[in-house]
Every structure is written in structure tokens, then in C-alpha cells.
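As C-alpha cells, the structure follows; a few thoughts come after it.
The values are calculated or read from the model by the stated rules, or taken from the named source; none is laboratory data. Here the structure is a predicted model, which is why all the values come from computation and not from measurement. In this analysis, Cβ positions are derived from the backbone assuming ideal geometry, glycine residues included, and neighbour counts consider all displayed protein chains.
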Amino acid sequence: MVRYNVLFLCTGNSARSIMAEAILRHRGFPQFAAYSAGSHPSGVVRPEALKLLETSRLSTDGLRSKGWEEFSQPGASRMDFVFTVCDSAAKEVCPIWPGQPMTAHWSVPDPAAVQGTPEEVARAFRDAFVILDRRIGLFVSLPLATLSKLAIQKEIDHIGGQ
């Protein structure tokens, strides 16, 4: 069986990309290996993201905020897919991944940027989680082995436009 390496990128690697990594680890195993990183990592995973993952019965083992350089070093695993999950509507600068993996931008509002009551913040994290879970569910259901590279690229771009 082919195993695909998938990297989720955002700016801080503290919430969205971390949640996406955990969701894909759960939904995509063993066909997918999931990773996450940030262009300017905060160094801390948001406790709201960890709590939501634990409540959803997803493993948080090994999740940590890290820079994308870790995955571009010699000897690092080659990525087959790279998804940016920055919110283009908020004018976030999304990192660009060099090389030849298939890439797509899945704009997701940053729950870590939400200011408000604890309930409003929790809702923002849940909303981001639901968006990511839906998109990842669609992604893992693609018959990758039977699609051309062009067809796969078209599908992953379409998933991001949901």
C-alpha cells in the first residue's frame, strides 16, 4: 500500500494546522502520515485546540508547535501533499512550500485570533475543527491510486473551496 505524507502549514502552528494533523492521523491511518508546521511557530499549542482534540477522542501525543524548516532539511520525509490552512480573508501571509508536492490552500479562520468570551473562543475552535474535519474527510475518501496528478490537484483545490 502506498503511504502519503501530508503537511499542514499555517503561520503559528498552534491551532489549525495542529488540529488538521491530529484529524488526519485519526481518519487517514494507515494510508496517510500527517504532519504540521508553521512559518513563524508560536512554540506553544493552544490549550483550546488540545482540549477540543481530547474531547473528540483524538490523540494529542507528540503534537507540538514547530517550524516548517524541520520538514525541508536533508533527510526529512518527502511530502506528497502540502495544505496551507491560513485565512486569506484575514489577509494572513501563508507560507509557500518549495518543491514538487501537490499543494492547495484551504482557508480556515484562525480561532487563536478570536477575542471574546470563553464561549465565543470555544465556538471559534469548534468551527475551525468542523471545517478541517469535513475537508480532511473528503480528502481521505479520494481514490488517489486511480486518479491522475492533474485530477488529484483539481479535487484538492475543490475541497478547499467548500
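Miscellaneous remarks
- Residue selected from the range 11-23 under the condition more than 8 Å from the chain's Cα centre (by Cα) and outside any loop (DSSP other than H, G, I, E, B), by the criterion surrounded by the most Cβ atoms within 10 Å (Cβ to Cβ): Ala22
- Residue match in the range 18-37 (condition: over 29 Å from Ala145 (Cβ atoms) and of a type outside the set (A, V, I, L, M, F, W, C)): no
- Selection over the range 24-35 of residues that are part of a strand (DSSP E or B) and either farther than 25 Å from Ala122 by Cα or in contact with a Cys (Cβ under 9 Å, 6 or more places away or on another chain) (or both) gives a count of 2.
- Screening Val6, Val44 for residues that are β-branched (Val, Ile, Thr) and more than 17 Å from Ile136 (Cα to Cα) leaves exactly one candidate, Val44.
- Apart from one condition, Cys94 fits all of (1) surrounded by 17 or more Cβ atoms within 10 Å (Cβ to Cβ); (2) at pLDDT below 85; the exception is (1).
- Index of the failed condition, Thr117 passing every other in (1) of a type in the set (Val, Ile, Thr); (2) buried (at least 17 other Cβ atoms within 10 Å of the Cβ); (3) at pLDDT 95 or above: (2)
- Pairs with Cβ under 7 Å, 6+ apart, first in the range 129-154 and more than 15 Å from Val2 (Cα to Cα) and surrounded by 14 or more Cβ atoms within 10 Å (Cβ to Cβ), second at pLDDT 95 or above and small (Gly, Ala, Ser): Leu132/Ala20; Ile136/Ala20
- Lone unmet requirement of (1) under 24 Å from Pro41 (Cβ atoms); (2) in a helix (DSSP H, G or I); (3) at pLDDT below 95 for Ala151: (1)
- Near pairs, Cβ below 6 angstrom, 6+ apart or cross-chain, from the range 1-26 (over 17 Å from Arg78 (Cα atoms) and modelled with pLDDT of 90 or more) to any residue that is surrounded by fewer than 24 Cβ atoms within 10 Å (Cβ to Cβ) and acidic (Asp, Glu): Ile23/Asp133
- Odd one out for Arg123, checked against (1) among the charged types (D, E, K, R); (2) at pLDDT 95 or above; (3) within 17 Å of Phe8 (Cβ to Cβ): (3)
- Residues located in the range 36-54, provided they are under 18 Å from Ala124 (Cβ atoms) and not in a loop (DSSP other than H, G, I, E, B): Pro47, Glu48, Ala49, Leu50, Lys51, Leu52, Leu53, Glu54
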